[in-house]
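To start, the structure under review is shown below, and the notes come after it.
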Amino acid sequence: MSRTRLERVRAAVGITALALQQIEDDLGVDDVDQEELAAILRELIEDTDPPGGFIPAVAQLVTTAARRAEQIEPDRDGGASCPLHEAAALLTDDAGQRLIWAARALADTRRPA
């Protein structure tokens with residue numbers, strides 16, 4: 001018996017939620033220092049080995065949804081696809097950049113003056 005597409009998506013989202021919970025749990029322990037926190041933040045955004053980094057992967061998923069929405073929107077007016085493209089841009093441009101800034105700030109504070 002094959003699973004439906006929606007069931008596969010639900011399962012994948014569940015796995016992702018568990019993985020994110022593990023990261024959150026790891027961030028919550030007392031022995032995470034600023035160097036390790038900076039490295040974790042960089043891991044969420046780094047796109048040096050595509051599709052490396054969580055944020056770029058989510059942005060790519062949203063962009064794929066936007067492209068599909070463009071094809072199936074009844075009026076082709078961008079009512080669905082435009083907000084999806086904007087969300088993808090916010091992920092990479094805004095959220096991603098802020099993670100980079102935070103990681104740099106943490107890394108910079110450990111350097112001797």
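Some points to look at:
- Scanning the range 50-79 for residues that are closer than 21 Å to Ile100 by Cα and part of a loop (DSSP other than H, G, I, E, B) yields Pro50, Pro51, Gly52, Gly53.
- Selected residue (criterion: farthest from the chain's Cα centre (by Cα)) from residues of the range 80-113 that are assigned to a loop (DSSP other than H, G, I, E, B) and among the hydrophobic types (A, V, I, L, M, F, W, C): Ala113
- Candidates are the residues of the range 36-64 that are surrounded by 12 or more Cβ atoms within 10 Å (Cβ to Cβ) and among the acidic types (Asp, Glu); the one that is nearest to Leu106 (Cα to Cα) is Glu36.
Quick note: the coordinates plus some simple rules give every number you see, no bench work behind them. Please read all numbers here as calculations on a predicted model, not as lab measurements. Every residue, glycine among them, receives a Cβ derived from its backbone with ideal geometry; neighbour counts consider all protein chains shown.
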